[in-house]
1. Restricting to region 24-58, count the residues that are of a type in the set (Lys, Arg) and surrounded by 16 or more Cβ atoms within 10 Å (Cβ to Cβ).
2. Could you give every pair whose Cβ atoms fall below 8 Å, whose first residue belongs to region 79-92 and is over 9 Å from Val42 (Cβ atoms), and whose second residue is of a type in the set (S, T, N, Q), counting only separations of at least 6 or pairs across chains?
3. Considering every residue within region 30-44, establish whether at least one is under 20 Å from Glu19 (Cα atoms) and without any contact (Cβ under 8 Å) to a residue 12 or more places away in the chain.
4. Which is assigned to a helix (DSSP H, G or I) and within 13 Å of the chain's Cα centre (by Cα), of Val55, Val36, Val78?
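Please treat every number below as a calculation from the coordinates, not as lab data. Because the structure is predicted, anything quoted here is derived from the model rather than measured. Here the Cβ is made from the backbone with ideal geometry for all residues, glycine too, and neighbour counts use every protein chain on show.
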Amino acid sequence: MTLEELRDQIDALDRQLVELLSERARAAQMIGHLKVATSLPVYEPAREKVIYANVRAANKGPLPDIELTHIYERIIDVMRALQRDELASERNAQDRRGGLPGHGTGVETPGTGNKQ
């Protein structure tokens, strides 16, 4: 293959990755809504460990497991932030509609164990 053909292939793969990441983000948002409804924390370290194990098990190379894990750490960080932003918007909307002031959503701040 030529350089141009390889670059075209990468461009097509990037478009597929964007589509899949968007699909994953939509699923993460839905999970965030379910977490609010069931008072579960956004940050779940045990679940993240399962994701990393699944990714490593599916890895056939050429990326080393550690590099793939680093990529997924970042993806999970972004998805967690998306959930938090979505939940904050939901809380603000509830407050504007006359929700109960001072009642949290059970959203846990990573690393502190504190609920917001």
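1. Looking only at that region, the number is 1.
2. Leu82/Gln29; Glu86/Gln29; Glu90/Thr105; Arg91/Thr105
3. yes
4. Result: Val78 is the single residue among Val55, Val36, Val78 that is assigned to a helix (DSSP H, G or I) and within 13 Å of the chain's Cα centre (by Cα).
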